Amino acid sequence: MKQNILALISVVFLSVSFMNAQTDFNRTIDPEFEKEVDSYLNYSVPAITVKNLIQIKDDVILLDAREMKEYEISHIPGAKYVGFDDFDDSVLSDIPKDKRIVVYCSIGYRSEKIGEKLKKLGYSNSYNLFGSIFEWVNAGQPLVDIDGNTTHKIHTYNKKWSKWVAEGKAEKVW
């Protein structure tokens with residue numbers, strides 16, 4: 001009897017693990033980019049996909065955790081700049097602590113670090129955009145410049161990182 005219960009628990013555990021693993025696939029359009037992003041994250045902040053963000057975008061606060069020169073070139077429409085090296089939490093002053101927040105950067109590394117800071121500040125409903133603005137562009141989503149005008153430019157941090165933005169999706173600058 002005890003062995004049957006242990007066997008059943010093992011089967012259930014493996015089934016749940018397999019289902020969770022299934023949901024982890026296809027977080028980006030490019031499997032190689034997904035592996036690259038995954039190698040930089042420790043998942044200290046829950047990740048959300050671009051597909052999920054598109055579905056809930058009207059009900060979130062978007063925070064851009066890149067540097068100002070990147071944000072000025074382009075950002076996701078409606079995003080507030082908070083920076084990374086000079087993180088400015090004053091932009092959070094009017095945001096309720098339980099409001100859903102999605103933080104992004106180029107691929108997700110810097111935004112995860114800012115997400116950790118948000119958690120320490122008491123923002124309990126914060127998420128990191130997996131693949132960040134690169135995946136946003138790869139998925140064909142719009143960008144705006146510092147004046148709010150639609151743009152096709154994206155700051156790709158440097159030439160090396162620009163390979164993760166699919167050709168033809170945006171004009172790459174660094």
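Any read-out appearing in this document is the output of simple, stated calculations on the displayed coordinates, not a laboratory observation. Bear in mind that the values here come from a model prediction, so they are computed numbers and not experimental data. Here the Cβ is made from the backbone with ideal geometry for all residues, glycine too, and neighbour counts use every protein chain on show.
What does a probe at residue 116 reach in region 51-81, counting residues whose amide N is under 17 Å from the point 7 Å along Cα→Cβ?
Counting only backbone N, you get 65-66.
Relative to the longest principal axis of the chain, what angle (0 to 90°, nearest 10) does the C-alpha long axis of helix 2-24 take?
So the helix axis and the longest Cα principal axis differ by about 20 degrees.
Using amide H atoms built 1.01 Å from N in the peptide plane, name the residues 5+ places from residue 80, or on other chains, whose amide H lies under 5 Å from its own.
The answer is 62, 63, 64.
Within straight cross-link reach of residue 160, meaning Cα distance under 26 Å, which lysines are found once same-chain residues fewer than 8 apart are removed?
Qualifying lysines at Cα under 26 Å: 35, 51, 69, 113, 169, 172.
In degrees, nearest 10, range 0 to 90: what is the angle between the Cα axis of helix 109-120 and the longest Cα principal axis of the chain?
Once rounded, the angle reads 70 degrees.
What residues from region 43-69 fall in the zone where the backbone N is under 19 Å from a label point 7 Å along the Cα-to-C-beta line of residue 145?
The answer is 67-69.
Could you compute the net charge surrounding residue 151? Neighbours are other residues with a C-beta less than 10 Å from the C-beta of residue 151; K and R count +1, D and E count -1.
-2
Would you mind computing, in nm to one decimal, how far apart the modelled labels at residue 57 and residue 90 are, each placed 7 Å from Cα along Cα→Cβ?
3.0
Quick one: work out Rg over Rh on the C-alpha atoms of the chain, Rh as Kirkwood radius.
In the chain, Rg relative to Rh is 1.06.
Work out the FRET efficiency for residue 26 and residue 125 from their Cβ-Cβ distance, taking R0 = 30 Å, and round it to the nearest 0.05.
Plugging the Cβ-Cβ distance into 1/(1 + (r/R0)^6) gives 0.80.
Counting Lys and Arg as +1 and Asp and Glu as -1, each charge on the Cβ, what is the dipole of region 29-173 about the Cα centre in debye, to the nearest 20?
Dipole size: approximately 200 debye.
To the nearest 10 degrees, how steep is helix 31-40 against the longest Cα principal axis of the chain, on a 0 to 90 scale?
90
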